[in-house]
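Engineer: Here it is, the structure in full.
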Amino acid sequence: MSFLAAMMDPTAVLCMSCVLIPMFKDPGTTAEDRWEYATDPIMVGTFLGMVLVSLLVRWQGGKPLAGCERRKARWFLWNGFVIHFLMDGMVGGFGQIPLLLAQYEVVDKRYNSVRETGTYSIPVTIAFLEVFIWTPLCVATYYAIRRGLPSAAPLQLCTALLQLIGTIIFTLPEVLEGFPNIVTDPHLEFTLHHITYFWFGFGLNFLWVVVPLVYLVEAFGMCAAGHPGGKKVE
């Protein structure tokens, strides 16, 4: 039941949707392509890492959390492994897992910069930071929240702030310049292509403004009040 509840978490559903879409988006994708995608060592290692961290917390005595705190902890866990490490980092930044990389390059042409021109665009630069800084911070924040450690609130504040700043740096230049590198839907046609690559692919960045901002404000309040974070169920 706990596994099912974890997989039905909103962040888990979103991340799994992003991972599964490339397997079925292109009608020309073969069963062999899907198998190669699903068994890619980076893909397997990402989800294995999530399982191991979750088991470590349980083995060390993770604290029972209220529903909103569990969702917050899972936000940082899934973001750390799937969004920052796997998708934005290893795929977008390092060009791994071709099936998923192809989708990234359709959503935002800036991800082609290193492979086509040898230059490091803003998304690719941010991707390096996501792998080496945001991923460990997210995992540490998840661990601290689940264990009810005093470091939970400061870690949450730092990690949420970096997520917010990164999203603004990633999206704002495109918005100000009129989306020169993004597939847009100027006539509001809402075709499958537009929905997949603009409204979903690029529009979801709005979520990484709202959620980190909420967690940033919450963490600031907890730090100001001297609260360790990781609220326990009474």
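The values are calculated or read from the model by the stated rules, or taken from the named source; none is laboratory data. These numbers were taken from a predicted model, which means no experiment stands behind them. Glycine also receives a Cβ, built like all others from the backbone with ideal geometry; neighbour counts cover every protein chain displayed. These area figures cover heavy atoms from the full protein model, side chains too; ligands, DNA and RNA do not enter into them. Shrake-Rupley method; radii C 1.70, N 1.55, O 1.52, S 1.80 Å.
Engineer: Collect the residues in the stretch 127-156 that are open to solvent by 20 Å² or more (accessible area, probe 1.4 Å) and touching a strand residue (DSSP E or B) at 6+ places or on another chain (Cβ under 8 Å), keeping them in residue-number order.
Structural biologist: The answer is R146, G148.
Engineer: From the list Q96, Q103, which residue is assigned to a loop (DSSP other than H, G, I, E, B) and within 23 Å of P22 (Cα to Cα)?
Structural biologist: Details: Q103 fails: assigned to a loop (DSSP other than H, G, I, E, B).
Just a single option satisfies the conditions, and that option is Q96.
Engineer: Let me ask something additional. K63 is checked against (1) open to solvent by 60 Å² or more (accessible area, probe 1.4 Å); (2) part of a helix (DSSP H, G or I) and fails just one. What number does that condition carry?
Structural biologist: (2)
Engineer: Any idea which residue in the stretch 95-106 is most open to solvent (accessible area, probe 1.4 Å), counting only those that are more than 16 Å from the chain's Cα centre (by Cα) and in contact (Cβ under 8 Å) with a residue 24 or more places away in the chain?
Structural biologist: Only one residue tops the list, namely Q96.
Engineer: Related question: Could you tell me whether the stretch 136-151 includes any residue that is touching a residue at least 12 places away in the same chain (Cβ under 8 Å), outside any helix (DSSP H, G or I) and not small (G, A, S)?
Structural biologist: Yes, that holds for at least one residue.
Engineer: Which one is surrounded by the most Cβ atoms within 10 Å (Cβ to Cβ), of the residues in the stretch 190-221 that are over 14 Å from D108 (Cα atoms) and of a type in the set (S, T, Y)?
Structural biologist: Y215
Engineer: A further question on this structure: Please state which of the following conditions F85 fails to meet, knowing it meets all the rest: (1) at pLDDT below 95; (2) assigned to a helix (DSSP H, G or I); (3) open to solvent by 30 Å² or more (accessible area, probe 1.4 Å).
Structural biologist: Exception for F85: condition (1).
Engineer: Could you please tell me which pairs satisfy a Cβ distance under 6 Å, a separation of 6+ or placement on different chains, a first residue in the stretch 71-84 that is over 16 Å from R147 (Cβ atoms), and a second residue that is part of a helix (DSSP H, G or I) and of a type in the set (A, V, I, L, M, F, W, C)?
Structural biologist: W78/A12; W78/C15; N79/C138; F81/M50; V82/C15; H84/W134
Engineer: Six or more apart or on different chains, Cβ atoms under 7 Å: show the pairs whose first residue is in the stretch 215-232 and under 22 Å from G61 (Cβ atoms) and modelled with pLDDT of 55 or more and whose second is hydrophobic (A, V, I, L, M, F, W, C) and not in a helix (DSSP H, G or I).
Structural biologist: Close Cβ pairs satisfying both conditions: P228/L149.
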